[in-house]
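The values are calculated or read from the model by the stated rules, or taken from the named source; none is laboratory data. Here the structure is a predicted model, which is why all the values come from computation and not from measurement. Using ideal geometry, Cβ is built from the backbone for each residue, glycine included, and neighbour counts are taken over all protein chains shown. Note: areas computed on protein heavy atoms with side chains; ligands, DNA, RNA excluded. Shrake-Rupley method; radii C 1.70, N 1.55, O 1.52, S 1.80 Å.
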Amino acid sequence: MKKYFRFDELGTNYRTEFIAGLTTFLAMAYILFVNPSTLALEGFDLPDGVTGMDKGAVFTATALAAAIGTLLMGVVARYPIALAPGMGLNAFFAYTVVLTFGIPWQTALAGVMVSGLIFIVLSLSGLREKIINAIPANLKLAVGAGIGFFIAFIGFQNAGIIVGHEATLVTLGDLTQPTTLLAIFGLTISVILLALGVKGGIFYGMILTSIAGMIVGLIDAPTKLGDVVSSAPSLAPTFGQAFAHFGDIFTLKMLVVILTFLFVDFFDTAGTLVAVATQAGLMKGNKLPRAGRALLADSTATVAGSILGTSTTTSYVESTAGVGAGGRTGFASVVTAGFFLLALFFSPLLGVVTAEVTAPALIIVGVLMSASLKKIDWNQFEIAVPAFLVIISMPLTYSIATGIGIGFIFYPITMILKGRAKEVHPIMYGMFVVFILYFIFLS
């Protein structure tokens with residue numbers, strides 16, 4: 001095993017890799033509780049006919065998808081990179097596809113599965129580079145930042161810090177509400193932990209917030225062992241629904257949904273792989289060795305996750321925490337996968353991780369994702385306009401797809417007017433037409 005994972009070549013050992021794997025798990029364990037809360041549309045008054053997913057089933061699907069994807073990444077690609085259902089993609093799934101579009105979550109799962117299958121084909125065919133090069137770097141950065149703003153907005157909403165208002169659409173909520181004060185406490189604690197460089201600060205912040213909520217009586221405290229540890233919840237409510245509703249995806253609206261799943265996962269994965277590999281010193285000649293295997297592991301995990309019953313599974317930038325602890329090989333990922341399997345037996349804790357507890361995690365993740373703003377070339381107006389429209393439209397329209405669409409429509413227009421039409425890839429002109437049809441269809 002030491003030879004397979006190249007311990008000696010990379011200057012590492014079992015102890016270091018184990019600690020790295022555990023560190024990565026703690027840094028991203030929050031997804032075990034945030035993802036079920038998100039996909040269940042917890043905290044929202046749902047319109048007639050709109051339903052969220054079963055929290056217990058999503059918890060199990062989340063842990064299994066993370067374990068499968070991370071194990072594949074560790075064994076096949078041999079990278080210290082962990083996977084789990086992605087933040088941003090789960091928000092798009094729940095708040096745009098299901099809540100806004102009114103598409104049943106079963107059909108949305110079928111869309112996730114198809115996007116994963118397309119990703120597998122792209123990973124095997126070598127078309128990856130062509131598609132990556134077609135989308136301007138500035139728009140890729142804008143999408144990441146926009147999703148960050150959108151996620152943070154949802155966090156503020158779930159916390160009760162931002163509420164609806166008839167005259168101004170949104171306004172400051174009642175900060176004296178006990179549940180809102182609990183969310184503010186959680187946000188403060190999380191910020192302090194992360195500012196102090198505590199690895200897994202988001203996860204620990206959720207734990208401390210839940211404990212505080214139990215102390216003041218806002219959250220029911222566990223009273224027996226069964227309130228903490230139990231068998232894994234059944235997958236029956238979600239397992240196989242992607243297959244059962246495959247025939248429902250053949251609409252223009254679902255086409256755009258699938259393309260959005262694919263687009264965000266594709267570039268989020270590429271960016272994460274490069275970032276983690278660079279930090280670990282695994283890049284060679286500015287290229288990522290075994291990139292095809294890594295992308296194949298990622299896309300396969302998405303398909304597996306959709307069948308189990310969760311939104312798109314993707315590589316996590318929190319893997320840098322494990323790399324920072326010394327992780328250099330895929331064995332660290334094997335360890336992380338093991339902890340996700342162990343986490344299956346702690347599902348009762350879902351009852352103490354309320355919307356107010358997860359809200360700070362959403363806000364913090366939004367902060368981290370918005371870091372890409374600094375890399376956008378704001379000095380070029382023809383770039384700044386579509387980038388800004390992508391970012392601002394996502395939270396204002398409550399839709400990641402709409403934000404991408406508006407920005408991708410304006411990009412060819414501003415580039416043509418600036419006399420740079422030849423710099424626009426034909427794929428972007430194709431996207432222009434697709435999104436024009438998309439908005440006409442929505443209207």
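Once the other residues with Cβ under 15 Å from the Cβ of residue 416 are scored (Lys, Arg +1; Asp, Glu -1), what is the net sum? Write out the running numbers ahead of the final one.
Numbers: positive: 418, 420, 422; negative: 382, 423.
With Lys, Arg at +1 and Asp, Glu at -1, the net is +1.
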HN-Hα J in Hz across region 15-32 - Karplus 6.51, -1.76, 1.60, θ = phi - 60°, x for Gly and Pro: 4, 4, 5, 5, 4, 5, x, 5, 4, 4, 4, 5, 5, 10, 5, 4, 5, 4
Calc'd 3J(HN,Hα), region 423-435, phi into Karplus 6.51 cos²θ - 1.76 cosθ + 1.60 (θ = phi - 60°), Hz, glycine/Pro = x, comes to 7, 7, 5, x, 4, 5, 5, x, 4, 4, 5, 4, 6
Ignoring ligands, DNA and RNA, what percent of the 1.4 Å accessible area of region 216-264 is carbon and sulfur? 67
Which one, 71, 344, 193, has the greatest fluctuation when you compute a Gaussian network model over the chain with C-alpha springs under 10 angstrom? 193
In vacuo Debye scattering of region 1-141, one point per C-alpha: log10 I(q)/I(0) at q = 0.09, 0.12 Å⁻¹? -0.39, -0.67
With springs only between Cα atoms under 10 Å, which of 253, 224, 374 fluctuates most in a Gaussian network model of the chain? 224
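What does the charge count near residue 238 come to, summing +1 for each Lys or Arg and -1 for each Asp or Glu among other residues with Cβ under 13 Å from its Cβ? Spell out each step's value before the answer.
Numbers: positive: 55; negative: 54.
Residues near residue 238 contribute 0 overall.
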For region 377-443, what is the per residue volume of the convex hull drawn over the alpha-carbon atoms, in cubic angstrom? 81
I'd like the distance between the alpha-carbon centres of region 190-247 and region 19-64, rounded to an integer number of Å. 8
Between residue 162 and residues 5 or more places away or on another chain, the pairs with built amide H atoms under 5 Å apart involve 157, 173
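How compact is region 15-93 by the rule of thumb for globular proteins, expressed as Cα Rg over 2.2 N^0.38 Å? Write out the running numbers ahead of the final one.
Details: Rg = 14.9 Å, N = 79, 2.2 N^0.38 = 11.6 Å.
Ratio of Cα Rg to 2.2 N^0.38 Å: 1.29.
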Of 177-188, 140-151, 78-89, ordering from highest average Cβ density within 10 Å down gives 78-89, 140-151, 177-188
Out-of-range pairs (alpha-carbon distance over 30 Å; input 55/374; 253/374; 140/422; 284/422): 55/374; 253/374; 284/422
Would you compute, for the Cα atoms of region 133-231, the largest minus smallest coordinate along each principal axis and list the three values in descending order, in whole Å? 56, 40, 32
Given the options 114, 303, 50, which has the most mean-square fluctuation in a GNM of the chain, springs set between C-alpha atoms less than 10 angstrom apart? 50
I'd like the distance between the alpha-carbon centres of region 278-345 and region 369-411, rounded to an integer number of Å. 28
Percent of accessible area on region 71-162 owned by carbon and sulfur, 1.4 Å probe? 71
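Let me check I have the definition right: for the chain, take the eigenvalues of the Cα gyration tensor, multiply each by 5, take square roots. What are those semi-axes in whole Å, largest first? Don't jump to the answer; show the numbers that get you there.
Numbers: eigenvalues 192, 161, 93 Å².
Ellipsoid semi-axes (Å, largest first): 31, 28, 22.
If each DSSP helix of 4+ residues adds -39,500 (n - 2.57) and the sum is divided by the residues in the chain, what number results at 222 nm, nearest 500 deg cm²/dmol? Can you show the working numbers first?
On the way: 18 runs with 268 residues, N = 443.
Calculated from helices alone, the mean residue ellipticity at 222 nm is -20000 deg cm²/dmol.
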Going residue by residue through region 105-121, the Karplus relation 6.51 cos²θ - 1.76 cosθ + 1.60 with θ = phi - 60° gives ³J(HN,Hα) values, rounded to whole Hz and with x marking Gly or Pro, of 4, 5, 5, 4, 4, 4, x, 4, 4, 5, 4, x, 5, 5, 4, 4, 4
At 1.4 Å probe radius, can you tell me the per residue accessible area of the chain in Å²? 41
